[in-house]
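> One structure, as structure tokens, below. Some questions next.
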Amino acid sequence: MSRSLCEKCQFVLADCICDQLQSVNNQIHVVVLQHRSEENNAKNTIRLAKLLYKRITVLTGDNSDDFSELNSLPLATTALLYPGEDAETLENTSTDLNLTHLIVLDGTWKKANKLFFTIDILKQLRQVSFAQLPDNRYHLRKANRSDSLSSLEAIAYALFCKEALPMAPAYSALDAMMENQFKYMPAEVRARYKSK
Ligand SMILES: [Zn+2]
């Protein structure tokens, strides 16, 4: 009985974080592309993003056919969050960038790149990225690049830039998830994270 999971947040009932989840009424529809190998990663922050954002779709797969839904997106108003050379910065409010859909590649930089090169339609999209990053609050997951954010933080920051939506709901959810993970770490490992 003690192993029963909360139907919503999927943590064991004793660790349920639902009372710390605030929903966010985003207008730009977030479309997350996730490599199949990330799907069941317990530390994956997309699971939280799905609980917070009103308009979010997660597509999981490992080949172009798995992501064929992307072909129905309006090309002119869809952007890919990807730090390419010609990417427009989301902080730049003077741009005419009118977004209805924002595509986010989940997972490590290596996995994200794999998706980018696998899915042809992504190369036709305008790219957006960040001029500067908010502090990376989520240290549990070893990032491949020092400046990379968890997917949830990237979504929260992008929506902050484009819609002035608060980032607090994302941080509260991440903090709650981290607290749950700390609980089951040996004390010496926990101390290493907390000292950051
Ligand atoms: Zn819950």
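> Round to the nearest 0.05 the FRET efficiency obtained for Phe117 and Lys43 when R0 = 25 Å and r is the Cβ-Cβ distance.
In this case the efficiency is close to 0.50.
> Still on this structure, I have one more. Could you state how much accessible area Ser4 has, in square angstrom rounded to the nearest 10, with a 1.4 Å probe and all protein chains kept in place?
Taking all protein chains as shown, Ser4 has close to 40 Å².
> On to the next question. Multiply the residue separation of Leu5 and Ala191 by 0.36 nm, subtract the distance between their alpha-carbon atoms, and state the gained length in nm to one decimal.
64.2 nm
> Shifting gears a bit: Counting DSSP beta bridges with both partners in the chain, what percentage is antiparallel, nearest 5?
Around 5 percent antiparallel, to the nearest 5.
> Can you list residues from other chains, or at least 5 along the same chain, whose modelled amide H is less than 5 Å from the amide H of Ile119?
Hits under the 5 Å cutoff: none.
> On to the next question. What figure, in Å² to the nearest 10, do you get for the accessible area of Asp65 with a 1.4 Å probe and non-protein molecules left out?
Approximately 120 Å² of Asp65 is accessible to the 1.4 Å probe.
> From the protein chains alone at 1.4 Å, what is the descending order of accessible area for Tyr184, Tyr171, largest first?
Order by accessible area, largest first: Tyr184, Tyr171.
> For the stretch 164-190 and the stretch 71-85, compute the distance between their C-alpha centroids and round to whole Å.
30
> Quick one: grab the alpha carbon gyration tensor of the stretch 1-82, order the square roots of its eigenvalues as a ≥ b ≥ c, and give me rounded if a/c is under 1.5, else prolate or oblate depending on whether a/b is larger than b/c.
Here the stretch 1-82 falls in the oblate category.
> Calculate for the chain the 222 nm mean residue ellipticity that helices alone would give, adding -39,500 (n - 2.57) per DSSP H run of length 4 or more and normalising by residue count, nearest 500 deg cm²/dmol.
That calculation yields -8500 deg cm²/dmol at 222 nm.
> Based on the Cα coordinates of the chain, what is the per residue volume of their convex hull in Å³?
129
> Put His29, His35 in order of accessible area, largest first, 1.4 Å probe: what do you get?
His29, His35
> How high is the FRET efficiency between Asn63 and Thr89 when r is their beta carbon distance and R₀ equals 30 Å, given to the nearest 0.05?
0.45
> Under 5 Å between amide hydrogens, which residues at least 5 positions from His29 or on another chain qualify, with H placed 1.01 Å from N in the peptide plane?
HN-HN under 5 Å from His29: His101, Leu102.
> With labels modelled as points extended 7 Å from the Cα through the Cβ direction, what inter-label distance (nm, one decimal) is found for Ser72 paired with Glu179?
For the pair Ser72/Glu179, the computed spacing is 4.0 nm.
> Relative contact order of the chain, please, whole-number percent, based on alpha carbon pairs below 8 angstrom and at least 6 residues apart.
RCO, the chain: 24 percent.
The values are calculated or read from the model by the stated rules, or taken from the named source; none is laboratory data. Given the structure is predicted, the values throughout are model-derived calculations rather than measurements. Heads up, the Cβs are rebuilt from the backbone with ideal geometry, glycines too, and the neighbour counts pull from every protein chain shown. The area values use the complete protein model at the heavy-atom level, side chains included, leaving out ligands, DNA and RNA. Shrake-Rupley method; radii C 1.70, N 1.55, O 1.52, S 1.80 Å.
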